[in-house]
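The values are calculated or read from the model by the stated rules, or taken from the named source; none is laboratory data. From a predicted model like this one, the values you see are computed outputs, not experimental measurements. Neighbour counts are summed over all protein chains in view; Cβ atoms, including those assigned to glycine, are modelled from backbone coordinates with ideal geometry. The protein model used for the area step is the full one, side chains on, heavy atoms only, and it has no ligands, DNA or RNA in it. Shrake-Rupley method; radii C 1.70, N 1.55, O 1.52, S 1.80 Å.
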Amino acid sequence: MLRFNDIADRVLDYSPSSDLELLQRAYVFSAKVHEGQERLSGEPYLIHPLEVAGVLVDMRMDAVTVAAALLHDTLEDTLTTKEELERLFGAKVAFLVEGLTKIAKIEFASARERQAENFRKMLVAMSTDIRILLIKLADRLHNMRTLEYVNESSRQRIAQETMDIYVPLAQRLGIRWLMEDLQELAFRALHAQVVEELERQLTTSREEREKYIEEVIGIISSKLSQNGINCEVKGRTKELASIYKKMQTQGIALDQMYDVIAFRVVIEGPSEMCYAALGLIHGTWRPVPSRFKDFLGNPKPNGYQSLHTTVIGPYGERMEVQIRTEEMDRDAEYGIAAHWKYKEGPADAPEDQKRFGWLRQLLEWQRELADPHEFLDTVKLDLFPDEVFVFTPRGEVMNLPRRATPVDFAYAIHSEVGDHCAGAKVNGKMVPLRHVLVDGDTVEITTSEHQFPRKDWLEFIVSGKARNHVRHSIRAVERTRARELGRDILTREMRRAGLSLSKLLQSGELEELARSEIRGGGANELFAAVSYGKIAASSVVRKLKGEEETKEEPKPVPMQERLRSLFTKRPSADASSEAGIRVSGQADVLVRFGGCCDPLPGDEVVGFVTRGRGVTVHARGCPRVFELDPERRIDVAWDAEVAVPRKIRIRVTSRDNPGILAKITNAISAAGINIAAVKVTTDEQKQASQSFELWVSNAKTLNAVMKEITRVKGVLSVDRVRG
Ligand code: MN
């Protein structure tokens, strides 16, 4: 339990001239008036104001704020009056406590129904003195930490409110640790099951992760110190809330998420050193293009400054690294609180001006704009940088993720509206569906029953709901298309054999065959199977005619079989391996890989339906993709559960040193990769070119091993050879 003496000691530590006597009196008074009251945990009530004061001490706040924190519930929960507080502790303390009491009275509806007027009241209350908000956030933090004692329904409500209101507020104030703590606590309360599962998965890999963190920290520190940069390198597993958010936005499983660990390099020295450090890190590990963010040159609206980059780490994994100076790090952790100068009245140093600027702006707007809706509309951009607020023609507010389009809006209204969304008007003007909405737009959607979700919508829609619906409908459309295609193929094959599809359908014979061929399926599934190449049309015809399978005509071997026969040669292969590709969510489709691009799991891929021969999978960037009929394009994705090694080729150019081939092959087998074939050619310039065929199960492993090979002395280049 936190004791008053600890609080007093720490305040004196960072601010030796503080009014200790004020703190003491506040503590004694709070203890007296809360006497006999208990928290839901059964503990004495006094623990709560003490803990809240402790949080503010963590933020190194002034004595007035800490005193107000000790007294923050006295007006609300005891018989104490404002006059009493004023007399005993002065006008400032009384003002803060009163401000807090006013906020406490505001009830928040859910994020969606957040009432403009309430919101405004709170902003006004807090913007008169930022310390009110800081105490409120500390109060909420301790309440969240003791949330387990609250009954289930209140717990959900409080957690949701925390997520909707206090997390964005803490973020806006730039107090990172507070934002993260609140977000994590709220997330744990709101998603208990997800949390349990994530924790289970993370625990199994903890030891490995810790070793890995240590290794990376070692590499970065020594690299930087060798180059005269003093720094502290930290590595930690990200919070579950942010891991989950990432899994959701990227639609991936935990084991596909490589950047669950974040590294932070805190530099002792001027900000230019950050760029020097970045250069050294990029020199050590290859940066992932377009993941570099310079918040140093362009600070975030809340003042956050840092360099962010993602590199391909020592094991070919993506690794996120943040680089900043000590001062920037402190700002990122403490935000507005870091700049609290223990001054009388509002802060007015130029840098504080900037930090408090948005708050002042809010105050001015609130004076100018009488209409609370208009006010809300004006301020929300500041508080919710990730959201955009727009209006329906009837004036209802909808909040959508930033960069949302009319299609996102349509899906937010209703999935039917989304599915048939044909056009949009923004503020009365026709706009394309990919138009990006901005705050305050009034959006009107026109629907048409002939309109259906289109694949290209996925290129611009941003909300999860819209994406899910569009993917789902596209899959349904693709299934229909596959059926029609299969029916087509079968009709032609039958006609050649003198059979009539419609007659066989009527007689039920086709249905019967379908049932015996496809477990739980009917004629439609049979058509789909034919189009995906799971069953040859000719074989269906023979069976309908009652003929035995003939040996001469080769029947397409299902992919599983073919792969199985391939991999049984390899002792390490799992006999139950499948293609490792899901076509429109199905795992058992005949899949071929484009010989032109040889995609590997982890590479981005697209599929094309080939008449009667299943689906061909190409790497997204493969030139063939642009030649093929877009109508035949189909959603494919690597199956996360199945890792099937595939044969790929790499070419290594090296000096013709003795023993170099052995070193290269050692590097390959050390990575657990099997070599299928090697071919070596040497030219007159004493350069050797080795062509390897390797069994690799994913792009990550391949990248790691290629990296390993480049480290072999004498190796000049390593390239993946496609086709
Ligand atoms: Mn409280």
With respect to residue 722, is the statement that it is open to solvent by 20 Å² or more (accessible area, probe 1.4 Å) and in contact with a Cys (Cβ under 6 Å, 6 or more places away or on another chain) true?
yes
Among strands (runs of 3 or more DSSP E) completely within region 646-708, the ones holding 2 or more residues that are open to solvent by 70 Å² or more (accessible area, probe 1.4 Å) are 646-655, 674-682
Output for region 424-443, where each listed residue is under 13 Å from residue 410 (Cα atoms), touching a residue at least 40 places away in the same chain (Cβ under 8 Å) and in contact with a helix residue (DSSP H, G or I) (Cβ under 9 Å, 6 or more places away or on another chain)
437, 443
For residue 69: the one exception among (1) within 12 Å of the ligand (Cβ to nearest atom); (2) more than 17 Å from residue 92 (Cβ to Cβ):
(2)
Where residue 60 falls short, out of the listed (1) within 16 Å of the ligand (Cβ to nearest atom); (2) in a loop (DSSP other than H, G, I, E, B); (3) modelled with pLDDT of 70 or more:
(1)
Identify all residues within region 88-97 that are open to solvent by 30 Å² or more (accessible area, probe 1.4 Å) and either more than 20 Å from residue 131 (Cα to Cα) or in contact (Cβ under 8 Å) with a residue 40 or more places away in the chain (or both); write none if there are none.
88
Residue 51 fails exactly one of (1) at pLDDT 90 or above; (2) at positive phi, namely (2)
Any residue in region 44-58 that is without any contact (Cβ under 8 Å) to a residue 60 or more places away in the chain sitting within a Cβ distance under 7 Å of a residue that is of a type in the set (Phe, Trp, Tyr) and in a helix (DSSP H, G or I)? List the pairs, counting only those 6 or more apart or interchain.
50/4
From (1) within 25 Å of residue 181 (Cβ to Cβ); (2) open to solvent by 20 Å² or more (accessible area, probe 1.4 Å); (3) within 16 Å of the ligand (Cβ to nearest atom), pick out the condition that doesn't hold for residue 31.
(1)
From the residues in region 74-87 that are within 18 Å of residue 44 (Cα to Cα) and in contact (Cβ under 8 Å) with a residue 40 or more places away in the chain, which one is farthest from the ligand (Cβ to nearest atom)?
79
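Might you check whether a residue that is in a loop (DSSP other than H, G, I, E, B), within 28 Å of residue 671 (Cβ to Cβ) and aromatic (Phe, Trp, Tyr) occurs anywhere in region 293-310?
No, because not a single residue in region 293-310 is in a loop (DSSP other than H, G, I, E, B), within 28 Å of residue 671 (Cβ to Cβ) and aromatic (Phe, Trp, Tyr).
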Return only the number of the condition from (1) more than 21 Å from residue 482 (Cβ to Cβ); (2) part of a loop (DSSP other than H, G, I, E, B); (3) modelled with pLDDT under 60 that residue 612 does not satisfy.
(1)
Are there any strands (runs of 3 or more DSSP E) wholly within region 412-454 with 2 or more residues that are open to solvent by 60 Å² or more (accessible area, probe 1.4 Å), and if so which?
429-431, 443-447
So which pairs qualify, if the first residue must be in region 382-401 and of a type in the set (D, E, K, R), the second must be at pLDDT below 70, the Cβ gap must be under 6 Å, and the two must be at least 6 apart or on different chains?
382/358
For the subset of region 223-279 comprising residues that are at pLDDT 90 or above and among the basic types (Lys, Arg), which member is least open to solvent (accessible area, probe 1.4 Å)?
264
Give the residue that is farthest from the ligand (Cβ to nearest atom), with candidates limited to residues of region 132-164 that are open to solvent by less than 50 Å² (accessible area, probe 1.4 Å) and small (Gly, Ala, Ser).
159
Residues (open to solvent by 20 Å² or more (accessible area, probe 1.4 Å) and in a helix (DSSP H, G or I)) located in region 1-25
5, 6, 9, 10, 12, 13, 14, 20, 21, 24, 25
